[in-house]
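So the structure is just underneath, and the comments pick up after that.
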Amino acid sequence: MGETELKIALQHEGEAQIHSFWQQAEASVDTRRKEIEAELTQLRAEADGQLQAEIATLRNNLLFAIHSKVMDGRLHAEAALEERLLLLARQVLPELARDDRSALWKALCEELPTGDWTSLKVHPADKELAGRDFPSAEIDCDSTLGGGLVVTNTDSTIRIDNSLDCRLMRAWPDLLPKLLTELRKWVDE
């Protein structure tokens, strides 16, 4: 084999090796490209999942904040309504006693235990009745009582509130839910 043939053979062998290296390099590049695409797809899926989780968290936080504000507003409105209803109920008490004030007075006085009642607090409309039934007692007027009386003994160790206002306050926890239910029905109609 001559020098020219050797050069040609080496050149062909070199070209074959170069071609083989290129094929291997292209195969490696293709493999790496596919790996990178798979990694990108996985990263996108993870990022989308994380984004969806963050969106859900933000949404839930916003819904909770809105719900809390709505509940706070509702509680404040209900508290204001409860105060207004109690005020209205207290304003109606004298009207309830007006129809037969002396019978109401008699019934409330009969509920008192026997004692030396030296101090009375009564509604102004009941002052005359109080003076008649408790002539030696000190009588103070309080229009917030609505009717009835508050009595205290000589040494102020016993105090009995048998007023309409006191009765309203004792009954209020039972009355209020019923009033609110009726108001809701009325508003919903």
Where a residue in region 84-97 is closer than 16 Å to Ser163 by Cβ and its partner, wherever it lies, is at pLDDT below 90 and of a type in the set (S, T, N, Q), with Cβ under 8 Å and at least six apart | Arg90/Thr144; Pro94/Ser143
For region 95-107, indicate whether the set of residues that are among the aromatic types (Phe, Trp, Tyr) and in contact with a Gly (Cβ under 8 Å, 6 or more places away or on another chain) is non-empty.
-> yes
Report, ordered by the first and then the second residue, all pairs with beta carbons closer than 9 Å, sequence separation of six or more or different chains, a first member in region 170-189 that is under 17 Å from Ala79 (Cβ atoms), and a second member that is assigned to a helix (DSSP H, G or I) and at pLDDT below 90.
-> Leu180/Glu78
Would you pick out the residues in region 89-126 that are assigned to a strand (DSSP E or B) and aromatic (Phe, Trp, Tyr)?
-> Trp117
Look through Ala56, Ala27 and report the one residue that is assigned to a helix (DSSP H, G or I), among the aliphatic types (A, V, I, L, M), modelled with pLDDT of 95 or more and over 30 Å from Leu176 (Cβ atoms).
-> Ala56
Restricted to region 70-120 and to residues being hydroxyl-bearing (Ser, Thr, Tyr) and either in contact with a Leu (Cβ under 7 Å, 6 or more places away or on another chain) or loosely packed, with under 10 Cβ neighbours inside 10 Å (or both), the residue farthest from Arg159 (Cα to Cα) is Ser102
All positions within region 121-151 that are crowded, with 18+ Cβ neighbours inside 10 Å and either closer than 19 Å to Leu168 by Cα or of a type in the set (Phe, Trp, Tyr) (or both) = Lys121, Val122, His123, Asp126, Phe134, Leu145, Gly146, Gly147, Gly148, Leu149, Val150, Val151
Residue check, Asp165 against (1) surrounded by fewer than 16 Cβ atoms within 10 Å (Cβ to Cβ); (2) acidic (Asp, Glu); (3) not in a strand (DSSP E or B), all met but one. Which one?
-> (1)
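The values are calculated or read from the model by the stated rules, or taken from the named source; none is laboratory data. Quantities reported herein were computed from a predicted structural model and do not represent experimental measurements. A quick note on method: Cβ atoms are made from the backbone with ideal geometry, for glycine too, and the neighbour counts reach across all protein chains shown.
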